[in-house]
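The values are calculated or read from the model by the stated rules, or taken from the named source; none is laboratory data. All values reported here derive from a predicted model rather than from experimental measurement. Glycine gets a Cβ as well: all are built from the backbone with ideal geometry, and neighbour counts include every protein chain shown. These accessible areas exclude ligands, DNA and RNA; they are computed on the full protein's heavy atoms, side chains included. Shrake-Rupley method; radii C 1.70, N 1.55, O 1.52, S 1.80 Å.
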Amino acid sequence: MEIRDLIDLGQLTQADTMQLLDMAQTVKNNPSYFIDHCHGNIMATLFYEPSTRTQMSFQAAMLRLGGKIIGFDNPGNSSVSKGESLKDTVKVVSNYCDIIVIRNPLEGAALAASLFSRCPVINAGDGGHLHPTQTLTDLVTLFFEKKRLEGLTVGLCGDNKNGRTVHSLAKSLSKYPGNRFVFISTPQLQAPAYILDAIKANGCEYETSQTLEGVIGDLDVLYMTRIQRERFSDAAEYTRQKGVFILDAAKMRHAKKDLTVMHPLPRVDEIAVDVDDDPRAAYFKQTEYGLYARMALIMNMLANKNAARPAVVQSTEPFVCTNDRCITKTETYLPKYFTPAPGGFLCGYCEHKAQ
Amino acid sequence: MEIRDLIDLGQLTQADTMQLLDMAQTVKNNPSYFIDHCHGNIMATLFYEPSTRTQMSFQAAMLRLGGKIIGFDNPGNSSVSKGESLKDTVKVVSNYCDIIVIRNPLEGAALAASLFSRCPVINAGDGGHLHPTQTLTDLVTLFFEKKRLEGLTVGLCGDNKNGRTVHSLAKSLSKYPGNRFVFISTPQLQAPAYILDAIKANGCEYETSQTLEGVIGDLDVLYMTRIQRERFSDAAEYTRQKGVFILDAAKMRHAKKDLTVMHPLPRVDEIAVDVDDDPRAAYFKQTEYGLYARMALIMNMLANKNAARPAVVQSTEPFVCTNDRCITKTETYLPKYFTPAPGGFLCGYCEHKAQ
Amino acid sequence: MEIRDLIDLGQLTQADTMQLLDMAQTVKNNPSYFIDHCHGNIMATLFYEPSTRTQMSFQAAMLRLGGKIIGFDNPGNSSVSKGESLKDTVKVVSNYCDIIVIRNPLEGAALAASLFSRCPVINAGDGGHLHPTQTLTDLVTLFFEKKRLEGLTVGLCGDNKNGRTVHSLAKSLSKYPGNRFVFISTPQLQAPAYILDAIKANGCEYETSQTLEGVIGDLDVLYMTRIQRERFSDAAEYTRQKGVFILDAAKMRHAKKDLTVMHPLPRVDEIAVDVDDDPRAAYFKQTEYGLYARMALIMNMLANKNAARPAVVQSTEPFVCTNDRCITKTETYLPKYFTPAPGGFLCGYCEHKAQ
């Protein structure tokens, strides 16, 4: 795996992914072998918005490898609140550490950070844009539970419109042959067209459903996400619909014996607690597997810390990104970086349309 | 010591306690022998309410053993503020660590957490209910300073009504022969009847006093706690009384040469600073000894991490706990767990009456 | 270096400083040699006001030496907010650790802490008073970039009136022969007389300038600091003047080829980003060098942890410090400590006049 920074899971070839999955398996089988593997190395976790879960999973991964941790999770309490630029923070912190894990509410922030870092950067979430280690965790979970990433019927139930993890998992899995997708949600929360197009372009099939109960019997994998109350058109509609997309022991009776139930967590009530002790419930194991996935990733990236960064070619055209949540809106010194796309150009940071 | 989780000091036999005290002594005498003892292990400190002092003492203990630390101390800043259940947090975090230290404002929270944890759980305070490592620290301090836990006249001065640490220490010490207790406070803040009954049942004697000066000369140990201003009936009463229960150099002149003065800290003004340099003042040493106590405890618990958990037998009776600060009030999925008591049943989590 | 606590850089002899610079050089050249040097040691970072940058630099330094970290950065969230005295916190925490790094908004706080600590104390900033490791970082940067601390023409541009780091650096460098200082700022923000007097007393020369452009060509070193908008007499004056003291690529064209540009960071806009890639810009390297400086300091102090503390002789005179931001105003139990000065006495903690 010859990449320095992990911003987008799309950077990885299938061979890269398989290498990470194999390494995660090795770590799972022999954790004690790795307890000093990153001795002498420091990870900085720069969390510009709090995410205790994600931060602890990265910290535990680094500590399990014998490394150490610095960082912040409360920018209101740090120099960054005094108006320091992302560039300056990254310039300084990358002098203190060997690998940076960054989470930031602005889209494109991780790529922007990687431009100024002396050490590898892992994207731990840049707004609603990308969160590659969540998807890597999902792939590792399938690999451990199903022993394969292909020939699976995968149900995706919940908010398929806004769910970043759902989009990323569907895109990733559609690159493997024989996968079939069932998008289960209300009409308003169906997967966007570009995701469906990507699945078709990769040669996979999909269908949609407005009930979970009707399709659960067909599924090898059921990936649950939360539907936020605010997404429903009105309160009556919410009350009428919400039960349809809640997984409980009753619905599990219609499912295959070897179904794998996943959830990126935290859950609210979209999976009833009466499912927790079902052997098909994999959502807590998923967090354990995510630890192995992150350990494999960290080892790979530290081994490749001198890999070349892809050049960011500065545009000479007067493009402006149209996305208000793009990192270029606040970090105005960033090089203008746009990539060609059908009908125009996309912002190289957040992948929204440029004008 | 064959327990997996330390929720209540009452779980320990006297032999268990003596084993911990001996181990604490060994650690005190040879700290350098233990600097890698827990190498490769991670402690998670889950502090649902801030307690810097307690959290630092556990962290220092784990680090002194060569272990590592993850955790949070600011739940408003973490996933748990997004409505995640205690169960889910513990399920996930126990995948990341080898031992959990939990502090929570709700009574019974540590026991509840232990039901879902894959690794040992230490109660670092569950509301006003239990705080076993504070009492363990107190016992270790007596063991180091007095060389015995028996035949002691122990003064307990301050808020004996509401003081969790006072109750726990008195109950623990009353199991050793020849101890005598002097409860020193205002009439409104005397020790509750069930504590006095427990002392009598264990064969120890006690008396009460409304002045410190009159009894200080009899004491081998003086355990000071704070009387909060709000506990007094009115401001005039507070002004009139407060000096009576403040320990200062003048009162120390009436005390034995080998008195041991203890305090769980932090203090406000119930011990004057002119006592700090008196060789009988043990309250700062107490925090050092607490470090050894926690190191001994952590080593023991990691060695017994596969010990059986006591079964929590779910009640089939329709009992409801009467305590509004009980963990069962908010974590409604918890198994109904009640224990028989004279005249009815007690909640198995918080030990309040069930109805 | 035979000091136990580092409160003020003035405690160090030139031989002490040179020893630290040499050690920092060794660390820079052979970082892997030191990765276990402080194995088994714990640093406590007690940050009574947040300073993510400074705290991370100390943490990284300790971790790079194989040590471990406890501490707080958010006193509103810790026991100290419950009214605990500085003395009690230091008494307790120094039982948990081997070295304390303290930052506190009150002047003299670090010295006060050192009186009660069982282990060495490093001052990481006590209000506007002292911040010795910033100046140590500046000296190490000059040593690495210029290979000497003497015979330098040093420009100090920005707020020379209120800039603590500027005063400390000028005082330190004026002890070396042949240094010349150019103070560049508005008339209102010129360096105070006692700094200029100290420079003269040490046999160095200085001049003042109200433009950067006019003098930049003479400089070997340019130390930039921020001029806060509030420092200008009115908004119009601010708008008229601010560009004069901003360093940008245009002004850099007038500078020597081997100029070294420094800044204590964080910057706002006093250095334009078009200077960042200029090889003469040393302000990001400065943070890396600060890491080596702190590593050298920590090793020295842990090696001398049993060095004698200078006695603080309690005054019998009824002096009172006149400085409202002095630590003696809130920590009233502190010993009265005053030092003779021309025309009266100075507070031993904050160095303000006593009455």
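Every test in (1) in a helix (DSSP H, G or I); (2) within 14 Å of chain A (Cβ to nearest Cβ); (3) surrounded by 24 or more Cβ atoms within 10 Å (Cβ to Cβ) is passed by residue C:124 save one, and that test is (1). Here the stretch A:7-31 is the region considered, the condition is being part of a helix (DSSP H, G or I) and of a type in the set (Asp, Glu), and the residue that is nearest to residue A:66 (Cα to Cα) is A:22.
The rows are residues; the columns are (1) in a loop (DSSP other than H, G, I, E, B); (2) within 28 Å of residue B:35 (Cβ to Cβ).
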site: B:242; (1), (2): no, no
site: B:250; (1), (2): no, no
site: B:258; (1), (2): yes, no
site: B:261; (1), (2): no, no
site: B:267; (1), (2): yes, no
site: B:277; (1), (2): yes, no
site: B:285; (1), (2): no, yes
site: B:290; (1), (2): no, yes
site: B:295; (1), (2): no, yes
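Taken as a whole, the condition of being assigned to a strand (DSSP E or B) and not aromatic (Phe, Trp, Tyr) does not apply to residue B:3. Against the condition touching a strand residue (DSSP E or B) at 6+ places or on another chain (Cβ under 7 Å) and more than 7 Å from every other protein chain (Cβ to nearest Cβ), how does residue B:108 come out, does it pass? Against the criterion (touching a strand residue (DSSP E or B) at 6+ places or on another chain (Cβ under 7 Å) and more than 7 Å from every other protein chain (Cβ to nearest Cβ)), residue B:108 qualifies.
Looking only at residues of the stretch C:341-353 that are modelled with pLDDT of 90 or more and over 12 Å from residue C:8 (Cβ atoms), we find that the one that is least open to solvent (accessible area, probe 1.4 Å) is C:347. Note on the stretch A:328-343: residues that are touching a Ser or Thr at 6+ places or on another chain (Cβ under 8 Å) and outside any loop (DSSP other than H, G, I, E, B) amount to 1. Just a yes or no: is a residue in the stretch C:41-49 at the interface with chain A (Cβ under 7 Å from one of its Cβ atoms), at pLDDT below 95 and open to solvent by 30 Å² or more (accessible area, probe 1.4 Å)? Checked the stretch C:41-49: no residue is at the interface with chain A (Cβ under 7 Å from one of its Cβ atoms), at pLDDT below 95 and open to solvent by 30 Å² or more (accessible area, probe 1.4 Å). In the set (1) touching a residue at least 60 places away in the same chain (Cβ under 8 Å); (2) away from chain C (no Cβ under 13 Å); (3) part of a helix (DSSP H, G or I); (4) hydrophobic (A, V, I, L, M, F, W, C), the condition left unmet by residue A:115 is number (2). Against the conditions (1) within 11 Å of chain B (Cβ to nearest Cβ); (2) over 17 Å from residue A:212 (Cα atoms); (3) modelled with pLDDT under 95, residue A:317 satisfies every one except (1).
A search for C-beta distances below 8 Å between a residue of the stretch C:244-258 that is within 16 Å of residue C:276 (Cβ to Cβ) and any residue that is open to solvent by 50 Å² or more (accessible area, probe 1.4 Å) and among the β-branched types (Val, Ile, Thr), counting only pairs 6+ apart in sequence or on different chains, returns nothing. If you take the residues of the stretch B:79-88 that are open to solvent by 30 Å² or more (accessible area, probe 1.4 Å) and at the interface with chain A (Cβ under 7 Å from one of its Cβ atoms), which of them is modelled with the highest pLDDT? For the stretch B:79-88, the residue satisfying everything is B:83. Within the stretch C:56-66, does at least one residue satisfy the condition of being at pLDDT below 95, within 14 Å of chain A (Cβ to nearest Cβ) and within 24 Å of the chain's Cα centre (by Cα)? No - not one qualifying residue is present in the stretch C:56-66.
If we keep just the residues of the stretch C:1-40 that are over 15 Å from the mean Cα position of the chain (by Cα), of a type in the set (Val, Ile, Thr) and closer than 30 Å to residue C:351 by Cα, which is most open to solvent (accessible area, probe 1.4 Å)? Residue satisfying both the conditions and the ranking: C:13. The set of residues from the stretch A:32-58 being assigned to a loop (DSSP other than H, G, I, E, B) and either more than 12 Å from residue A:124 (Cα to Cα) or not acidic (Asp, Glu) (or both) comprises A:35, A:36, A:37, A:38, A:39, A:40, A:41, A:48, A:50, A:51.
Reported count of residues in the stretch C:244-266, each being more than 16 Å from residue C:215 (Cβ to Cβ) and open to solvent by 10 Å² or more (accessible area, probe 1.4 Å), is 6. Within the stretch B:161-188, the residues that satisfy the criterion of being open to solvent by less than 10 Å² (accessible area, probe 1.4 Å) and free of Cβ contacts under 8 Å to residues at least 60 places away in the same chain are B:166, B:169, B:170, B:173, B:174, B:179, B:181, B:182, B:183, B:186. Of all residues in the stretch A:272-312, those being within 11 Å of chain B (Cβ to nearest Cβ), open to solvent by 10 Å² or more (accessible area, probe 1.4 Å) and within 14 Å of residue A:144 (Cα to Cα) number 7. Pairing each residue of the stretch C:87-105 that is free of Cβ contacts under 8 Å to residues at least 12 places away in the same chain with any residue that is open to solvent by 10 Å² or more (accessible area, probe 1.4 Å) and part of a helix (DSSP H, G or I), provided the two are 6+ apart or on different chains, yields C-beta distances under 7 Å for C:92/B:53; C:92/B:284; C:92/B:287. Considering B:101, B:140, B:93, which residue is within 12 Å of chain A (Cβ to nearest Cβ) and surrounded by 21 or more Cβ atoms within 10 Å (Cβ to Cβ)? After applying the criteria, what remains is B:93.
For the stretch A:59-78, which residues satisfy the criterion of being open to solvent by 20 Å² or more (accessible area, probe 1.4 Å) and in a loop (DSSP other than H, G, I, E, B)? Scanning the stretch A:59-78 gives A:73, A:74. Would you check if there is a residue in the stretch C:327-340 being at pLDDT 95 or above and within 20 Å of the chain's Cα centre (by Cα)? Yes, because at least one residue in the stretch C:327-340 is at pLDDT 95 or above and within 20 Å of the chain's Cα centre (by Cα). Of the strands (runs of 3 or more DSSP E) contained entirely in the stretch C:148-230, those carrying at least 1 residues that are aromatic (Phe, Trp, Tyr) fall at C:180-184, C:205-209, C:221-224. Summed over the stretch B:189-235, residues that are over 18 Å from residue B:146 (Cβ atoms), in contact (Cβ under 8 Å) with a residue 60 or more places away in the chain and surrounded by fewer than 22 Cβ atoms within 10 Å (Cβ to Cβ) total 4.
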